[in-house]
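The values are calculated or read from the model by the stated rules, or taken from the named source; none is laboratory data. Computed from a predicted model, the values in this text were never measured in an experiment. In this analysis, Cβ positions are derived from the backbone assuming ideal geometry, glycine residues included, and neighbour counts consider all displayed protein chains.
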Amino acid sequence: MMNNNVELPYLFPNEHLLSVLARWFDLTGRNDFLMTCKKVSSNLTKLTPSAIWRPVFRDLASHYKETMPLEVILKEHTLLPYYRSFLTLTELELFNDELLKLGPSFKLLPKLQQNLKYAHYWRWCKECAHDDYEEYG
């Protein structure tokens, strides 16, 4: 369940949907992430990079659907481009069918992802993070 009254910040270029949630939480000045973010979504379990899509992504994407096509959100603000090659044809079809409706909540964890040693941890490039900080604050 999501609250449309919450105003999330604009998505930076290529920023992950979960990053905008973290930035929004930081802007609130509060100190309890889960309690604060329940104003945006009640689907806050396991916020890790190990899933291509989780119900919280649907809730976050719905905030931007009026100004940004879902295809852009998927391509530029999720890990779908990275994990697409690890999806089976069945998983990809399910993903496309469910996602186009932004309807039922579902989670997509690619089965072949287990072949990636560090797929369950957040990681980033220090130089890219520095450049983002310089450009966007």
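Quick one: which of Ser85, Ser41 is crowded, with 17+ Cβ neighbours inside 10 Å and of a type in the set (S, T, N, Q)?
Details: Ser85 fails: crowded, with 17+ Cβ neighbours inside 10 Å.
Just a single option satisfies the conditions, and that option is Ser41.
Just to be sure, is Glu76 surrounded by 12 or more Cβ atoms within 10 Å (Cβ to Cβ), acidic (Asp, Glu) and modelled with pLDDT of 65 or more?
The answer is yes for Glu76.
Answer yes or no as to whether Tyr82 is over 24 Å from Pro9 (Cα atoms) and modelled with pLDDT of 60 or more. Give the steps one after another, and end with the answer.
On the way: over 24 Å from Pro9 (Cα atoms): yes; modelled with pLDDT of 60 or more: yes.
It is true that Tyr82 is over 24 Å from Pro9 (Cα atoms) and modelled with pLDDT of 60 or more.
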